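The values are calculated or read from the model by the stated rules, or taken from the named source; none is laboratory data. Keep in mind it's a predicted model, so treat the numbers as computed, not measured. Glycine also receives a Cβ, built like all others from the backbone with ideal geometry; neighbour counts cover every protein chain displayed. Keep in mind that these areas ignore ligands, DNA and RNA; they rest on the heavy atoms of the full protein, side chains included. Shrake-Rupley method; radii C 1.70, N 1.55, O 1.52, S 1.80 Å.
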Amino acid sequence: MKIIDIIEKKKKGFPLCEEEIKFFIDGVMSQTIEDYQISALLMAIYFQGMNIDETTFLTKYMVESGEILDFTDISNDVLDKHSTGGVGDKITLIFLPLMAAAGIYNAKLSGRGLGHTGGTIDKLESIPGFQTNLSIEEFKGKVKKVKAAIAAQTRALAPADGKLYALRDVTSTVDVIPLIASSVVSKKIASGANHIVLDVKYGSGAFIKTPEEAQKLSEIMVEVGKRLNRNICAVISSMEQPLGRAIGNSIEIIEVIEFLKGNIEPDLKEITYALAQSAFEKTGKFNAPQKAREYLDELILSGKALEKFREIIKEQNGDVSVIEDYGKMPQASIKYEVKSDKDGFVSNIDALKIAKACKNLGAGREKKTDSIDYSAGIYLTKKFKEKVQQGETIAIIYTNKKSSIKESEELVKAAYEYSLEEPKEKSLIYKILN
Ligand code: URA
């Protein structure tokens with residue numbers, strides 16, 4: 001078999017067979033296929049696509065390119081919730097303690113954020129001392145003990161994805177559904193959980209822009225996951241506006257703690273509860289949505305979910321006193337209030353503009369090696385549907401970079417849209433695919 005024949009076949013739009021896909025991934029791993037040939041095949045896939053059989057084989061051999069975690073000695077019901085990423089998306093950090101408090105094991109491996117704000121790992125690392133670089137044995141041990149652990153993605157799992165992703169990144173072949181689906185699902189399968197809940201976002205603050213595209217991607221990820229024997233579902237939701245009020249790293253952790261203390265932002269609740277209901281159905285805990293919602297309310301009101309978050313922080317060497325004293329979290333030296341130029345009701349807050357403003361303040365990174373300012377971020381004092389008067393504060397900028405304030409302020413102001421009449425409530429959930 002020769003790679004040039006495989007490239008030629010895909011270039012002409014023919015589907016590749018299992019042996020050809022295995023040959024490709026083996027060649028990627030053994031470095032017997034050159035980067036320029038891998039890139040050529042990726043570009044051919046970009047233009048010609050892959051059918052569901054090809055996408056499944058690609059995912060399977062990416063999984064088999066490295067270690068596969070196994071939790072069957074702990075439980076046959078281990079859950080992994082994965083978000084495709086968004087602005088102010090701290091849902092994983094609310095969801096995990098809730099699920100663990102409900103008695104469900106959660107094994108969560110997560111990437112470091114590349115982009116406008118940090119990823120889940122960055123947010124957690126804003127808690128002083130919090131350790132996310134865990135060995136596989138440490139990770140499993142913590143899942144067993146606390147029922148939830150969150151660790152940085154290890155290179156040992158689905159390493160073929162790491163190699164392909166690095167080339168996709170520099171050859172403009174990231175945004176193609178079969179490659180995104182195999183990349184996401186291979187990492188999830190290698191992470192060992194048998195129940196997978198995908199939190200798929202679309203909109204200005206997500207890398208998928210339309211609900212139709214998000215649905216297409218979700219259908220393929222769910223089908224591939226099922227074919228590879230995982231109990232998988234996808235909740236598709238809007239990321240047109242930031243989630244919650246805090247966007248950054250340490251300020252998002254504070255918002256998570258507030259939620260678990262019962263100070264709940266409705267948009268965070270809507271997404272978290274939809275994901276939790278799906279997780280309850282998958283794991284067989286509850287099927288009745290109303291019962292599930294009441295149970296989730298009870299886990300928050302009783303403080304059990306907050307206690308679980310405390311346990312997770314403690315087990316991963318974080319400073320648990322942050323729960324009572326937010327002054328222990330990294331603090332920005334500058335707090336700057338952005339004022340509204342207009343009167344009206346907030347009818348939209350463009351998530352992408354807010355994300356760009358945050359990155360400008362130091363909350364995100366461009367390259368993997370860039371450092372991140374955990375204290376930088378934006379707090380939205382006014383959200384969708386809320387009434388604003390000219391001169392009123394709409395957002396607070398937190399930063400240590402004085403020079404970044406003006407540009408971020410302009411971006412924040414440009415992100416806000418207003419209407420004269422109060423806009424109608426909209427559901428954030430587009431579809432749930434089981
Ligand atoms: N996230 C991933 O893990 N892989 C992709 O290809 C895109 C987003």
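Only residues of the stretch 243-267 count here: report those whose backbone N is under 19 Å from the spot 7 Å along Cα→Cβ of residue 307, or say none.
It comes to 257-263, nothing else.
Can you order the peptides 55-67, 307-319, 14-26 by their average number of other Cβ atoms within 10 Å per residue, highest first?
On the way: 55-67: 23.2, 307-319: 19.6, 14-26: 17.9.
Final packing ranking: 55-67, 307-319, 14-26.
Can you divide the C-alpha Rg of the chain by 2.2 N^0.38 Å and report the result to two decimal places?
On the way: Rg = 21.8 Å, N = 434, 2.2 N^0.38 = 22.1 Å.
The reported ratio for this selection is 0.98.
Relative to the longest principal axis of the C-alpha atoms of the chain, give the angle of the C-alpha long axis of helix 304-315, reported between 0 and 90° and rounded to the nearest 10°.
Orientation of helix 304-315: about 60 degrees from the principal axis.
Okay, helix-only estimate at 222 nm for the chain: each DSSP H run of n ≥ 4 adds -39500 (n - 2.57), divide by all residues, round to 500 deg cm²/dmol; what do you get? Intermediate values should be presented prior to the final figure.
Working: 16 runs with 196 residues, N = 434.
Calculated at 222 nm, the ellipticity per residue is -14000 deg cm²/dmol.
Counting each pair of different Cα atoms once, what's the Kirkwood radius of the stretch 78-323 in Å, rounded to one decimal?
Numbers: mean 1/r = 0.0555 Å⁻¹.
About 18.0 Å, per the Kirkwood formula over Cα pairs.
Within the stretch 86-115, which residues have the backbone N less than 20 Å from the label spot 7 Å out from residue 371 along Cα→beta-carbon, could you tell me?
Within reach of a label on residue 371, which here means backbone N under 20 Å from a point 7 Å along Cα→Cβ, the stretch 86-115 contributes 112-115.
Quick one: dipole size for the stretch 277-434, taken about the Cα centre, charges +1 on Lys/Arg Cβ and -1 on Asp/Glu Cβ, in debye to the nearest 20.
On the way: 29 positive and 26 negative charges, 93 e Å.
With only Lys, Arg, Asp and Glu charged at Cβ, the dipole is about 440 debye.
Once fully extended, how much extra length lies between residue 410 and residue 212, figured as 0.36 nm per residue of separation less the alpha-carbon to alpha-carbon distance? It would help to have the intermediate numbers written out before the result.
Details: separation 198, 0.36 × 198 = 71.28 nm, distance 3.15 nm.
Computed gain between residue 410 and residue 212 is 68.1 nm.
Need the list of aspartates and glutamates near residue 9 for cross-linking: C-alpha distance under 20 angstrom, and skip anything on the same chain fewer than eight residues off.
Correct list for residue 9: 18, 19, 20, 26, 34, 35, 53, 54.
Which three semi-axes in whole Å describe the equivalent ellipsoid of the stretch 264-416, each the square root of 5 times a Cα gyration tensor eigenvalue, listed largest first?
On the way: eigenvalues 213, 104, 45 Å².
Result for the stretch 264-416: semi-axes of 33, 23, 15 Å.
Running Debye on the stretch 3-49 with equal point scatterers at the Cα sites and no solvent, what base-10 log of I(q)/I(0) appears at q = 0.27, 0.30, 0.32 Å⁻¹?
Values, matching the q order: -1.02, -1.20, -1.30.
For residue 11, give me every one of the lysines with a C-alpha distance below 17 angstrom, ignoring sequence neighbours fewer than eight places off in its own chain.
2
Compute the separation of the alpha-carbon centres of the stretch 384-416 and the stretch 313-378 and state it in Å as a whole number.
13
At 7 Å along Cα-to-Cβ for each site, give me the label-to-label distance between residue 343 and residue 321 in nm.
Reported label-point gap for residue 343 and residue 321 is 4.9 nm.
Using Cα positions and a limit of under 14 Å, work out the aspartates and glutamates in reach of residue 81, with same-chain residues fewer than 8 apart set aside.
Here the aspartates and glutamates satisfying the reach criterion relative to residue 81 are 89, 199, 281.
Provide the convex hull volume over Cα atoms per residue for the stretch 332-419, in Å³.
Expressed per residue, the convex hull around the Cα atoms of the stretch 332-419 is 80 Å³.
Taking the Cα centre as origin and putting +1 on Lys and Arg beta-carbons and -1 on Asp and Glu beta-carbons, what dipole magnitude results for the chain, to the nearest 20 debye? Write down the numbers at each step before the final one.
Details: 60 positive and 62 negative charges, 40 e Å.
The dipole magnitude comes to about 200 debye.
Counting DSSP beta bridges in the chain, what percent are antiparallel, to the nearest 5?
On the way: 24 of 45 bridges.
Of those bridges, close to 55 percent are antiparallel.
Going down the list 123/261; 261/339; 60/359; 269/342; 145/201; 108/426, which pairs span over 24 Å between their C-alpha atoms? Let's see the in-between values first.
Values: 123/261 19 Å; 261/339 29 Å; 60/359 36 Å; 269/342 29 Å; 145/201 32 Å; 108/426 30 Å.
Over 24 Å Cα-Cα: 261/339; 60/359; 269/342; 145/201; 108/426.
Would you mind getting the accessible area per residue of the chain, heavy atoms of the protein chains only, 1.4 Å probe, in Å²?
42
Compute the helix-to-body angle for 177-190: its Cα long axis versus the longest principal axis of the chain, expressed 0 to 90° and rounded to tens.
Rounded to the nearest ten degrees, it is 90.
Within the chain, what whole-number % of the accessible surface is contributed by carbon and sulfur, with the 1.4 Å probe and all protein chains included in the calculation? Can you show the working numbers first?
On the way: 8980 of 18010 Å².
Using a 1.4 Å probe with all protein chains present, the chain comes out at 50 percent carbon and sulfur.
Based on alpha-carbon atoms only, what is the radius of gyration of the stretch 1-126 relative to the globular estimate 2.2 N^0.38 Å? List each step's numbers first, then the result.
Values: Rg = 19.0 Å, N = 126, 2.2 N^0.38 = 13.8 Å.
The reported ratio for this selection is 1.38.
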